[in-house]
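No lab work stands behind these numbers, since they all come straight from the coordinates. Note that this is a predicted model, so its numbers are computed, not measured. Backbone-built Cβ (ideal geometry, glycine too); neighbour counts: all protein chains shown.
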Amino acid sequence: MLSLLRPLLAALLYLLLLLPGAHSRFPVYNNGFHYQDISNGNGNGEIYFNGVRLHVESPEHAVSATRGSSVTLPCHFHYEPELTTPRRTRVKWSWLPSNSISAPVSPLASTMETEVMVAMGNRHRSYGSFKGRVRLRRSAPGDLSLVINELQLNDTGRYRCEVIDGLEDESVTVELELRGVVFPYFSQKGRYHYNFFGAQQACQDQDATLATFEQLFTAWEEGLDWCNAGWLADGTVQYPITVPREGCGGTDLAPGLRSYGQRHRLIHQYDAFCFSASVKGTVYFLDQTTKLSFNEAVQACVSDGSQIAKVGQLYAAWRMTGLDQCDAGWLADGSVRYPITRPRANCGPPEPGVRSFGFPSPYLKFGVFCYR
């Protein structure tokens, strides 16, 4: 019976729509934009835009900051022509971590992004590790800039500001980088003992993360020269050479990053290139009248109200605060190192850097670097 009534109901509805003023009796979607539906054209139901246009822009497409600080990722929107009355727009900030970025523009990128914050009007919600650390600046009409507080090592990457108004959807991206230092790191067992996940953990244990390609490239531009290959955050294995030589790609290759490309993350083993940014506390050389074994060094820092410093903390203090100490000291991983910003006689090579004694016997006597 119902199947017999359907044609009659459809015909009745069609007649009602033909009556004068009939369209006013039914709700019609209208978001303030103007569209032209030409469904009788080529049969594809195309919609042509012929009215107000939404624009989303950022004056800066790359922003750098220091760990633990606050940073603002700029994003602004406006309409052309300008509207006389404000509109309720929705903004979504999403994030593609640095270790997921393999090309400037990737068709797969949007599917890999994770939500950071969604807001409409005065209502907003933040997600994951960003919860409670992000807000919209809203310093002027159209300002949807994202403020991130307490920047963490893993916050680097590509952020997308997407503004949505009805069928209109425009976005812009901003790269976030942390200022810091890249350092090569290898196991106590010797070179090439880390698969990708072991390299990740090794960097984390030293208050660092696996370096990105961009971070290693910057370090190479600043003079980093290291002939052992190491994992990067994107799963590639590379190493920086400023002085071409045999055993490091040969003398025929120009200076640059030597790449092994993507390697199997479980099977293949290499060293790691770690990235460390500024630390909140202070790294210092503990004044002692006597030298210490490793266990004595650990206890000496605790007795001084501190803890023994990690490799990433020492590198960050050397690069970010200019720590200079011509005395070798124990670090938390059992290595012995010392930082030099002002090269001088009896303090190693004539270039600034962190000197390393490797991993000596824990019973040998050295100083110690503490972190408070």
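In which sequence would ARG344, ARG191 go, from the one with the fewest C-beta neighbours within 10 Å to the one with the most?
With the fewest neighbours first, ARG344, ARG191 line up as ARG344, ARG191.
Extents of the stretch 139-228, largest first, come to 59, 27, 25 Å (Cα atoms, principal axes, whole angstrom).
Ordered by packing density, taken as the mean number of other Cβ atoms within 10 Å over each peptide's residues, highest first, how do 140-146, 354-360 rank?
140-146, 354-360
Among residues other than SER171 with Cβ under 15 Å from its Cβ, the summed charge is -4 (Lys and Arg +1, Asp and Glu -1). The alpha-carbon of LYS291 sits under 28 angstrom from the alpha-carbons of these lysines, leaving out residues fewer than 8 places away in its chain: LYS189, LYS280, LYS310, LYS365. Find, to one decimal place in angstroms, the Kirkwood hydrodynamic radius of the stretch 282-358, where the mean of 1/r is taken over every pair of different Cα atoms and then inverted. So the Kirkwood estimate lands at 12.7 Å. For the stretch 172-280, taking the reciprocal of the average inverse distance between every pair of different Cα atoms yields a Kirkwood hydrodynamic radius of 14.2 Å. Counting neighbouring Cβ atoms within 10 Å and putting the fewest first, the residues LYS365, LYS310 line up as LYS365, LYS310. Find which of ALA208, LEU153, HIS193 sits farthest along the positive direction of the dipole of the stretch 142-223, computed with +1 on the beta-carbon of Lys and Arg, -1 on that of Asp and Glu, about the Cα centre. Result: HIS193. Over all other residues within a Cβ to Cβ distance under 15 Å of ASN99, the charged ones net out to -3, with Lys and Arg as +1 and Asp and Glu as -1.
Residues whose amide H comes within less than 5 Å of that of ARG135, counting only those at least five positions distant or on another chain, are VAL147 (H built at 1.01 Å from N in the peptide plane). Bridge orientation summary for the stretch 189-276: considering DSSP beta bridges with both residues in this region, about 85 percent are antiparallel.
In this structure, the amide hydrogen of ALA309, modeled 1.01 Å from its nitrogen in the peptide plane, lies closer than 5 angstrom to those of ALA332, PHE369, CYS370, TYR371, counting only residues at least 5 positions away or on a different chain. Charge tally for ILE241 (other residues, Cβ to Cβ under 9 Å; Lys, Arg +1; Asp, Glu -1): +1. Panel order for ILE267, ILE241, by other beta carbons found within 10 Å of each beta carbon, from fewest to most: ILE267, ILE241.
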